[in-house]
1. What Rg and what Dmax come out for segment 147-230 when only alpha-carbon atoms are used, in angstroms?
2. Where does each of V344, V171, V189 land when they are ranked from fewest to most other beta-carbon atoms within 10 angstrom?
3. For the Cα atoms of the chain, what angle does the longest principal axis make with the long axis of helix 162-183, in degrees from 0 to 90, nearest 10?
4. If one takes the longest principal axis of the Cα atoms in the chain, at what angle in degrees, from 0 to 90 and to the nearest 10, does the Cα axis of helix 94-121 lie?
5. What shape does segment 34-109 have by the C-alpha gyration tensor, where a ≥ b ≥ c are the square roots of the eigenvalues, rounded means a/c under 1.5, and otherwise prolate means a/b greater than b/c and oblate the rest?
6. Quick check: from the Cα gyration tensor, does segment 3-239 come out rounded (a/c under 1.5), prolate or oblate?
7. Gap in Å between the Cα centre of segment 74-136 and the Cα centre of segment 195-241?
8. Give, rounded to the nearest 20 debye, the magnitude of the charge dipole that segment 149-220 has about its Cα centre when Lys and Arg contribute +1 at Cβ and Asp and Glu contribute -1 at Cβ.
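Coordinate-derived values only; no laboratory data. Computed from a predicted structure; not experimentally measured. So basically every Cβ, Gly included, is an ideal-geometry build from the backbone, and we count neighbours across all protein chains shown.
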Amino acid sequence: MTFDKLRDSLQQGIYLVINPFVRLLIKVGFTPNAVTLTGLLLNMGVAVLLIVGGVHGQRGDLRYVGWAGALILFAGLFDMLDGQVARIGKMQSPYGALFDSVIDRYSELFTFLGICYYLVAHHYFLSSLVGFFGLIGSMMVSYTRARAEGLGIECKGGLMQRPERVVLMGVSALACGVASNWISGSYKVFVPGVPFHVFETMSIFTFPLTALAVLANITAVSRLLQAKRALLAREAQSAARPTEFSKPVSAAALLVLGLLVGSLRADAVAPAPEPKFPVPSGIPNQLFYLQRDPNTNTVIYQLNVNKAGQVDEDEPIRIFWIRYAEQGQQQDLNFIQRKFAYGVKSKKIGPDKYELRFAAYGKLPFYLMKAGPDRAFHVYTAIANKQSVLDRIFLRIEGGTFWVPNVKYVELKGSNPATREPVIERFQV
């Protein structure tokens, strides 16, 4: 039996024991959030108890540690109760799950606050550093899972999850307090030839705390590696599809589809005959342009130069509309179009060479370079598996809705840099 299966079996056994109490809590009106807050208050009590022990207790007086251990275990019970109250009482909600996760982090922080304060107050300086290291590991175990799940990756498992940490801290602290009544809180073990003691009563708590610190950080790292493998597998799976992003042709198709968001007009709902699209002319330093149904309005990508004819390195491309479907006027992009649709981000990667990425899809690079026989600036990309000068992007739409248009195909048009021979490629979407 694997560790995870053993853990799940133990958890189910605990649920059988506590479920009658859970039903009682539901009957008296306890909500999952109320149970979670009760656990927080108890963990704050752990911190207060250990801080008082650090201020008023003596170094060998470990009663505070023992009582804190008992309270940690009692508070940990509420960590299990809130989830069961939500499930059995049919009170589950996304906010409830978020609330529980956030409050659990606060609870654990308060517990470690008390532990570290107590250890520092009684001059267990090395053990206090171990406590801080355990705090770091505990937080990173939870954060790694949350961040991975935010990317759509399930990231659970590990040797030192929250229930294990609660049990280890609670049992070891309780055992430390109980043992101090039998062997005294000042008991020490020395080994001949070693200038310091190798064991003392407090070690009953600090040794497991050290194991917790090491294993919690190992758990966090293992979750990170688990998430990495899952993300790589997902990317590989996406790359195997016909519309893979790794190929420039398909990426371009999806790119232009993304550019449509927020820019189509309501008349895209019904099919329409393909309009006769104008070819922009007379625009100095034009690089390429973008056109799409349902109208002839065109986005122009122009080399941005100053009065001296030098390229603006911070913003090498100027983007604007020519509103052919209206009065043919030029018009700047609005904020949303610039930041989320038609805009491009540029990065200088060499003399007279810039990497461009569209705001709508940042994974596909285009390159603005001064090259070719004319030694002028052009935008280069792959068309029909050939490095080409990009001239036009066109998107054909037939029906659909405002937000989900029925895209029939995307067409890239360019030319061979050396021969100026036209190159066209059309992609089905």
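1. Values for segment 147-230 (Cα only, Rg and Dmax): 18.1, 56 Å.
2. Least to most surrounded, the residues fall as V189, V171, V344.
3. 20 degrees
4. Here the helix axis deviates by roughly 50 degrees.
5. It is prolate, given that a/c is not under 1.5 and a/b is the larger ratio.
6. oblate
7. Between the Cα centre of segment 195-241 and that of segment 74-136, the gap is 18 Å.
8. Its charge dipole is roughly 120 debye.
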